[in-house]
Amino acid sequence: MRNRKAGEKVRIKNGVKKLKEILIEKKVPANERKSVLVLYDRDGILWILGIYRAYRAFIKKNTKNILKVEFEHTS
């Protein structure tokens, strides 16, 4: 897990989309975008915490393994 990086892309159903575009579509305020956390693996972003899940992280009919991740925000 880490903070987002400039220029990152996320796999969507029909290709890829810039992370910045997703944050704008989901109406994440500009001042909060720097602190957005992402869960990723060696192939890229899996989940933008609390905002968006990458298409490759969806559970499908042929899914054999599931990683359950819970996130609790503490101040």
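The values are calculated or read from the model by the stated rules, or taken from the named source; none is laboratory data. As the structure is a computational prediction, the values presented were derived from the model and not from experiment. Glycine also receives a Cβ, built like all others from the backbone with ideal geometry; neighbour counts cover every protein chain displayed. Side chains are part of the model used for accessible areas, which takes the heavy atoms of the whole protein and leaves out ligands, DNA and RNA. Shrake-Rupley method; radii C 1.70, N 1.55, O 1.52, S 1.80 Å.
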Quiz item: List, please: which pairs have Cβ atoms under 8 Å, are six or more places apart or on different chains, and start with a residue in the range 12-25 that is farther than 16 Å from D43 by Cβ and end with one that is open to solvent by 50 Å² or more (accessible area, probe 1.4 Å) and in a helix (DSSP H, G or I)?
Solution: K13/Y55
Quiz item: Which of the residues that make up the range 38-56 are under 8 Å from the mean Cα position of the chain (by Cα) and either more than 14 Å from I12 (Cα to Cα) or surrounded by fewer than 17 Cβ atoms within 10 Å (Cβ to Cβ) (or both)?
Solution: V38, L39, Y40, L49, I51, R53
Quiz prompt | Criterion (surrounded by 14 or more Cβ atoms within 10 Å (Cβ to Cβ), charged (D, E, K, R) and out of contact with any strand residue (DSSP E or B) (no Cβ under 7 Å at 6 or more places or on another chain)) met by exactly one of K20, K9 | solution = K20
Quiz prompt | First in the range 55-75 and in contact (Cβ under 8 Å) with a residue 40 or more places away in the chain and closer than 24 Å to K17 by Cα, second anywhere and exposed (fewer than 10 other Cβ atoms within 10 Å of the Cβ) and of a type outside the set (G, A, S), Cβ under 9 Å, 6 or more apart | solution = Y55/K13; Y55/N14; R56/D43
Quiz item: What number of residues within the range 18-69 satisfy the criterion of being part of a helix (DSSP H, G or I) and closer than 15 Å to A6 by Cβ?
Solution: 10
